[in-house]
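The values are calculated or read from the model by the stated rules, or taken from the named source; none is laboratory data. Everything quoted here is computed from the prediction, not taken from an experiment. With ideal geometry, Cβ positions are generated from the backbone for all residues, glycine too; neighbour counts draw on all protein chains shown.
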Ligand SMILES: Cc1ncc(COP(=O)(O)O)c(C=O)c1O
């Protein structure tokens, strides 16, 4: 047995990805963290960079909770009590008290009857879509939905799949009209926050549009939103795009691994749907949950988010986001402004985006460049992500470095 022939093919495919400009290449290895001091936020040490300290402007830990002392202590306490891993899937050997507690907390946080944990938000979406999409279901999906939604739909066997233009509720309505008579059930699915540009789906309009057509489908129109970037980072109290747009969808998926500072994913909705998913979703039945310690930490994240500290962190996040946006505009740069801490600096040129990312790196700033073909030509950008861990001094440092480019 040899894999030589296969490896030859794979090497060609990797080389092709490099030529196309979509090869991710070597990952940056973070080998140390320096805590905040002297009005500077934390700094990272990277493998191969000696003692150079990097400011991270590309993390999804929007509230900086992943390094929060209370969370670390909660994790240590739960690991000491329950051990490090769940030891099996939940229905056989692995449902721990923190899993149950967290599900109750998440349901209450989102004003739902029930919630269900998964090892990741990606798994949650991959589980929920095929479970609810039957051969008589029409799926209608935003054109720029996250990869987990695309693959979740691929794993399903719908009667038909329709894509509406990004954020275009008029086009969603057209697709709903066209679906009449073609299936018993419709499932409309969208990201809450779209991670490329930090835009939000107008969920109030999305729900209202679906309601207008609901009676045309015997099994109704189900709305599912993945707000992984929104929960904990967006909306007055961090309840995400639903809160920002004053809407409530049928099923909400989100991650514990971004603003909440832990790891894992979940879905919230009615208790009947969640009960059905627990019985049928293979990503739940045949795959380990998050560790009991991770679940305990996520409960602590919710304690913080729902308390005065959470309000202060969100306020700080909004203020730092605004500081960066205003500063970039003062430099005459093109920036997309919203309340979400993803701040896209539009460069609109692939080669210049690559040069700018490298320049920022040389100047100790980690930021993500989104280039063609990942984004269409002309939409190339540097994506900055603000965190409540940053300081005004950090933001001003980024602006000073950019001024000199
Ligand atoms: C919309 C969306 N869903 C899911 C995920 C994945 O979350 P997790 O890491 O919990 O699987 C992401 C992460 O980028 C995301 O943006």
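Evaluate the following for residue 124: is it surrounded by fewer than 23 Cβ atoms within 10 Å (Cβ to Cβ) and assigned by TED's automatic domain parsing to the domain that holds residue 260?
The answer is no for residue 124.
If only one of 297, 290 is surrounded by 24 or more Cβ atoms within 10 Å (Cβ to Cβ) and outside any helix (DSSP H, G or I), which one is it?
290
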Quiz item: Quick one: how many residues across the range 252-281 are touching a helix residue (DSSP H, G or I) at 6+ places or on another chain (Cβ under 8 Å) and under 14 Å from residue 122 (Cβ atoms)?
Solution: 11
Quiz item: If you go through the range 326-337 one residue at a time, how many are assigned to a loop (DSSP other than H, G, I, E, B) and touching a strand residue (DSSP E or B) at 6+ places or on another chain (Cβ under 7 Å)?
Solution: 2
Quiz item: Within the range 138-155, restricting attention to residues that are within 11 Å of the ligand (Cβ to nearest atom) and assigned to a loop (DSSP other than H, G, I, E, B), which residue is farthest from the chain's Cα centre (by Cα)?
Solution: 144
Self-check item: In the range 219-249, residue farthest from the ligand (Cβ to nearest atom) [restricted to those that are within 19 Å of residue 131 (Cβ to Cβ) and surrounded by fewer than 20 Cβ atoms within 10 Å (Cβ to Cβ)]
Solution: 219
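May I ask you to say which residue of 187, 167, 172, 252 is within 16 Å of the ligand (Cβ to nearest atom) and either under 30 Å from residue 79 (Cβ atoms) or crowded, with 20+ Cβ neighbours inside 10 Å (or both)?
252
Name the helices (runs of 4 or more DSSP H) wholly inside the range 158-271 in which the number of residues that are free of Cβ contacts under 8 Å to residues at least 60 places away in the same chain, farther than 30 Å from residue 308 by Cα and touching a strand residue (DSSP E or B) at 6+ places or on another chain (Cβ under 6 Å) is 1 or more.
169-179, 203-213
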Quiz prompt | Odd one out for residue 87, checked against (1) in contact with a helix residue (DSSP H, G or I) (Cβ under 8 Å, 6 or more places away or on another chain); (2) at negative phi; (3) more than 16 Å from the ligand (Cβ to nearest atom) | solution = (2)
Self-check item: Among (1) more than 14 Å from the chain's Cα centre (by Cα); (2) within 16 Å of the ligand (Cβ to nearest atom); (3) surrounded by fewer than 24 Cβ atoms within 10 Å (Cβ to Cβ), the one test that residue 215 misses
Solution: (2)
Quiz item: Condition test on residue 118, is it in contact with a helix residue (DSSP H, G or I) (Cβ under 7 Å, 6 or more places away or on another chain), within 14 Å of the ligand (Cβ to nearest atom) and more than 30 Å from residue 176 (Cα to Cα)?
Solution: yes
